[in-house]
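Contents: one structure, followed by commentary.
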Amino acid sequence: MRLIFHHKLNHTDNHMALLNILEFPDSRLRKVAKPITVFDAALKQLSEDMLETMYDAPGIGLAATQVNVHKRLIVIDISENKSEPLVFINPEITPLSDQQREWEEGCLSVPGYNEVVVRPRDIRINALDINGDAFEMEPDELLAVCIQHELDHLNGKLFVDYISSFKRQRIRKKLEKAHKQRA
C-alpha cells in the first residue's frame, strides 16, 4: 500500500528527535492546521520525529498540532509491533453512511483519561503521502477511529469536546493540577 511510510525508522539514528507533546488545556491544541504544500526533507524529518515521539509515548496516532506544528500531517501505527507506520498529509474524510460507532478513546494530549466517543462508522479518507502523491482508502474499526481522532486535532478539536462539559472540566482541573506539580 502506497501510504505506508516506506522509510523504516532506525531507532539509533542520531537525526531523530523526540518532540514535546502539548497537553490539554494548552490553547495551542485549538489552532487549526494549515495545508502542506512543500514535500521536502524537512517534512520527511518531521514525520519521522513524530513517529518516534508517538512510539516513545507510547501511542498509536499523533497529529502535528499535538507537537506544536500547525500543519495538516498525522502519523498512525495501529500494529502490535510498531511495523506499519502510516503518514497522512492534508487528510479529508467523508462519512460513507449514517451509521455511528462508540469507541473508548484516549489521547497523548489528555494523558491518563479514556472516554467513549461516538463517530461515523464507515469513512473514506483522501490524503497525500510523504511524496505528495494522492491516495484514498476506506479504513474500518480502530484505524477509522484513529484517523478521525487525529484529524480532529488538525481542526483544533479534542476527544474531550465530545463528552459532557462537567467531565471535561474535571479532566481539565486534574491535568492543570498535575502540570503545576511538575513545574
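Only one of the listed residues (109, 47, 79) is open to solvent by less than 30 Å² (accessible area, probe 1.4 Å) and in contact with a His (Cβ under 8 Å, 6 or more places away or on another chain). That residue is 109. The residues of region 133-166 that are touching a strand residue (DSSP E or B) at 6+ places or on another chain (Cβ under 7 Å), over 16 Å from residue 76 (Cα atoms) and surrounded by 13 or more Cβ atoms within 10 Å (Cβ to Cβ), listed by number, are 158, 159, 160, 162, 163. Selection within region 116-128: residues that are open to solvent by 30 Å² or more (accessible area, probe 1.4 Å) and touching a helix residue (DSSP H, G or I) at 6+ places or on another chain (Cβ under 8 Å). The member of this set that is farthest from residue 143 (Cα to Cα) is 118.
In region 32-54, the residues that are assigned to a helix (DSSP H, G or I) form Cβ pairs under 6 Å with partners that are open to solvent by 80 Å² or more (accessible area, probe 1.4 Å), at six or more places apart or across chains, as follows: 53/18. Of the residues making up region 20-36, one or more are open to solvent by 70 Å² or more (accessible area, probe 1.4 Å), more than 30 Å from residue 167 (Cβ to Cβ) and at pLDDT 95 or above.
Just one residue in the set 87, 67 is under 26 Å from residue 180 (Cα atoms), crowded, with 18+ Cβ neighbours inside 10 Å and modelled with pLDDT of 95 or more; that residue is 67.
The values are calculated or read from the model by the stated rules, or taken from the named source; none is laboratory data. Since the structure is predicted, the reported quantities are computational estimates derived from the model, not experimental observations. Cβ: placed from backbone, ideal geometry, glycine included. Neighbour counts: every protein chain shown. These accessible areas exclude ligands, DNA and RNA; they are computed on the full protein's heavy atoms, side chains included. Shrake-Rupley method; radii C 1.70, N 1.55, O 1.52, S 1.80 Å.
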